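In what follows, a single structure is set out as structure tokens and then discussed.
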Amino acid sequence: MQRLSARIASELEAEILAGKIPKEERLPSEEKLCVRFDASRTVIREAIQQLRGRGLLRTQKGSGTYLADPSLESLGSAVETYSILVEEADFLELIDFRILVESECARLAAQLAGAHAISDIRRALEQMKASEGSRRPFSKADISFHMAIALACPNRIYATLLGALEKRCIDYAQTNRGHDQWYGEVIEQHEAILDAIELGRGDQAADAMRRHLLSSRRHFVDLKE
């Protein structure tokens, strides 16, 4: 049976998402919430804490509790928590989402990236080459390559989402290292992505990114079977 604090948190969350609690207004006092839900202060405080943990509420000392300001940090924290806790099948759904996002990132990078951004992407690729054969350093450099492409895009949400997946993706990337030849194959795929970006060929960059991530996903699934 669901705990009372969780039920209260869910009801308040529904009201927040429906816009029934104006952003500029304080949440009703603990006393009023106790009366409304016929619950103790402890239960109400637990419910509020749950909503703070979800990034929906903020408490201002000496003033009260308000709706939290929207922030990329809150979005990233929520996605990171989900990515770490989900089962393998659900994480693969995140990878499918990542394929869509990163293909578009590569396209935009080819169209918009300046010399500094391209230099960051190339630096990550050189780090991959330098760490070939060493799983964790290679995986971290791999993620840095993808992050540098996302950061080259004007939409900050791309980098936020990819950064939130970083920890789980490093674990995922390490699992993908099935044989020595795999390192060289991955480097070649990344070189194709960077070449297209440097040449300003958006469709080619998007296609190279998509093919790389699909190859990585297929190899991961094969290893799990």
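Assorted remarks:
- Some residue of the stretch 136-159 being assigned by TED's automatic domain parsing to the domain that holds Y183, surrounded by 14 or more Cβ atoms within 10 Å (Cβ to Cβ), acidic (D, E) and within 23 Å of G202 (Cβ to Cβ): yes
- In the stretch 120-134, residue surrounded by the most Cβ atoms within 10 Å (Cβ to Cβ) [restricted to those that are outside any loop (DSSP other than H, G, I, E, B) and charged (D, E, K, R)]: D120
- The set of residues in the stretch 1-17 being surrounded by 10 or more Cβ atoms within 10 Å (Cβ to Cβ) and assigned to a loop (DSSP other than H, G, I, E, B) consists of R3 alone.
- The stretch 18-58, residues that are over 23 Å from D69 (Cβ atoms) and in a loop (DSSP other than H, G, I, E, B): D38, A39, S40
- Conditions (1) free of Cβ contacts under 8 Å to residues at least 12 places away in the same chain; (2) more than 24 Å from the chain's Cα centre (by Cα); number of the one not met by E30: (1)
- Applying the condition of being farther than 18 Å from T42 by Cα and either in contact with a His (Cβ under 9 Å, 6 or more places away or on another chain) or of a type in the set (A, V, I, L, M, F, W, C) (or both) to the stretch 1-28 and asking which residue is modelled with the highest pLDDT yields A14.
- Complete set of residues in the stretch 31-87 that are surrounded by 16 or more Cβ atoms within 10 Å (Cβ to Cβ), of a type in the set (D, E) and farther than 13 Å from S5 by Cα: E80
- Qualifying residue in the stretch 103-113 (condition: of a type outside the set (D, E), within 28 Å of H190 (Cα to Cα), assigned by TED's automatic domain parsing to the domain that holds G202 and outside any helix (DSSP H, G or I)): yes
- Checklist (1) free of Cβ contacts under 8 Å to residues at least 60 places away in the same chain; (2) closer than 29 Å to R168 by Cα; (3) not acidic (D, E) applied to A39, failing item: (2)
- Meets criteria (out of contact with any Leu (no Cβ under 8 Å at 6 or more places or on another chain), more than 30 Å from E25 (Cβ to Cβ) and without any contact (Cβ under 8 Å) to a residue 60 or more places away in the chain) for L112: yes
The values are calculated or read from the model by the stated rules, or taken from the named source; none is laboratory data. Fair warning: this is a prediction, and the values are worked out from it, not measured in the lab. Ideal geometry is used to build each Cβ from the backbone, glycine not excepted, and the neighbour counts take in all protein chains shown.
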